[in-house]
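Each reported figure results from applying straightforward, stated rules to the coordinates on display, with no laboratory input. What you are looking at is a predicted structure, and each value in this text was computed from that prediction instead of being measured. Note: ideal-geometry Cβ built from the backbone for every residue, glycine included; neighbour counts use all protein chains shown.
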Amino acid sequence: MRILTTLYYYRPHYSGLTVYTERLARRLVARGHQVTILTSRYDPSLPRLERLDGLAIHRLTVGLKLSKGVIMPSMPYWATRLAASHDIVHLHVPQLDAAPMALTARLLGKPAVLTYHCDLRLPASPVNWLANHTSRLADRISAAAANIVVTNTRDYAESSPLLRRFLHKLVVISPPVEVEPVEQALVAEMRARLDVRPGQRLIGMAARLATEKGAEVLALAMSRVLERFPAARVLYVGQYQDVLGEEEYGRRLQPLLQSLGDHWKFLGVLPSDEMAAFYRLCEVTVLPSLNSTESFGMVQVESMLCGTPVVASDLPGVREPTAVTGMGLVVPPAEPAALAAGIIRILDQPEAYRGNPRAAARYEPEHVAEAYETLFQSLLIGRALGEKE
């Protein structure tokens, strides 16, 4: 099959949506399919056309930025041209261009599959108000025009104002999650590099420093955690400087984070093997997300695959992995005291949250790619039968 995949940002940009798309695309290529990525050239230094990991990546010039979104003037031309030469159009939203692309696919007689990652909820501001409303309209058009709408969990779909309208065309496919094998020597090396001392309790968080991720909730929770474990430290992995659309949020957060001193350390974006070492080094990781912009949280499954339990927000979709594996617990979002209590509970009784890491095998990228492959093939067979009638 020839699959055209579209999204706002692709590598080297780092986000859950990007990681999801990359993992799936690579596996589909490994299964013998041709995958083309159509995305933005958000950084002018990036090549317009690149071949990477067996993928063809087309990056289009950005004409205008609308909050975290981008407007690409040449998208209609390239969307039509590329869709015409592919068998399947796979759209990842939030993405304004998904609406005209879904309509284009329908006009060309090409099946369109929309993977709905989350309801967009940007922080309050005049620009973000416009971005929120424009995105919701585009998402409704995209979902109406698509043949199938895919999402991570039924739990999230039933809570989403948009997805509730399209349950009749909904297919649930778990997100692709993988963790690199890691030698104990690398874990020991990271422990030494970070100067982890005996008696320190390590709490991990992996996320971009973005408004919806709730880093401030963890920072505020640390005062209670430190009362119980005075040597506790937070290791924060992910982009924390110059995050697209989150610069002001980062500046507001700095005084709070600086007040924690050595109890909070940013590690930046880590390569895949060091990510696995990070998860194994930590005793608990947290996912204190605040709203429906977080629909699952693949990092919590990565943590579980490494044997490390998780405290996650009790949000639709986000709460599913702990229920499936037993490797952690959920707490109300935006409540530092509840998050602190959850962290302390796991640090006090880690054996109670070992759960069943094997239950996370349902998220292996190979299984996810097989599910998408079956879905794509069924649409193509249905189209072929329709043409014969």
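The figures follow:
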quantity: Highest-fluctuation residue, H263, H92, H133 considered, GNM on the chain with Cα pairs under 10 Å; calculated: H133
quantity: Neighbour net charge for E50 - beta-carbon separation under 15 angstrom, K R +1, D E -1; calculated: +3
quantity: Net charge dipole size for the stretch 249-377 [Lys, Arg +1 and Asp, Glu -1 on Cβ; Debye, nearest 20]; calculated: 380 debye
quantity: In sequence order, calculated HN-Hα J values of the stretch 158-174 (Karplus, 6.51, -1.76, 1.60; Hz; x Gly/Pro); calculated: 6, 9, 7, x, 7, 5, 4, 6, 10, 4, 5, 10, 8, 10, 9, 10, 4
quantity: Phi-based couplings in Hz for the stretch 180-187 (Karplus 6.51, -1.76, 1.60; Gly and Pro marked x); calculated: 5, x, 9, 7, 4, 4, 5, 4
quantity: Cα-based radius of gyration of the chain once divided by 2.2 N^0.38 Å, which approximates compact folds; calculated: 1.00
quantity: Derived scalar couplings ³J(HN,Hα) [the stretch 288-295; Karplus, 6.51 cos²θ - 1.76 cosθ + 1.60; whole Hz; x for Gly, Pro]; calculated: x, 4, 9, 8, 6, 5, 9, 9
quantity: Modelled FRET efficiency - R0 22 Å, L130 with S74, Cβ distances, 0.05 increments; calculated: 0.45
quantity: GNM flexibility winner over the chain from M190, M75, M101 (Cα, springs under 10 Å); calculated: M190
quantity: Dipole magnitude of the chain, debye to nearest 20 (Cβ charges: Lys/Arg +1, Asp/Glu -1, about Cα centre); calculated: 720 debye
quantity: Amide H contacts of V269 (H built 1.01 Å from N, under 5 Å, at least 5 apart or other chain); calculated: G238
quantity: Per residue, the convex hull volume that the Cα atoms of the stretch 1-130 enclose (Å³); calculated: 106 Å³
quantity: Selected from R59, R191, R41 as most flexible by GNM, with the chain as the system and alpha-carbon contacts under 10 Å; calculated: R191
quantity: Binned Cα-Cα distances of the stretch 103-241, short to long, each 10 Å bin given as a whole percent; calculated: 9, 24, 27, 20, 15, 4, 0
quantity: Cut-off under 5 Å, modelled amide H: who pairs with L287 long-range; calculated: V311, A312, S313
quantity: Under 5 Å, built H, 5+ apart or other chain: amide partners of G328; calculated: V310
quantity: Taking only Cα atoms of the stretch 184-362, radius of gyration then Dmax in Å; calculated: 15.0, 41
quantity: For peptides 46-54, 152-160, sequence by mean Cβ density within 10 Å, most packed first; calculated: 152-160, 46-54
quantity: All lysines inside 23 Å of K265 as judged from Cα atoms, apart from same-chain residues fewer than 8 positions distant; calculated: K213
quantity: P(r) tail fraction, the stretch 176-240 - alpha-carbon pairs more than 16 Å apart, %; calculated: 60 percent
quantity: Hits among lysines - C-alpha to C-alpha of K110 under 19 Å, sequence gap 8 or more where chains match; calculated: K169, K388
quantity: Rounded, prolate or oblate (a/c below 1.5 giving rounded, otherwise prolate when a/b exceeds b/c) for the stretch 227-323 by Cα gyration tensor; calculated: rounded
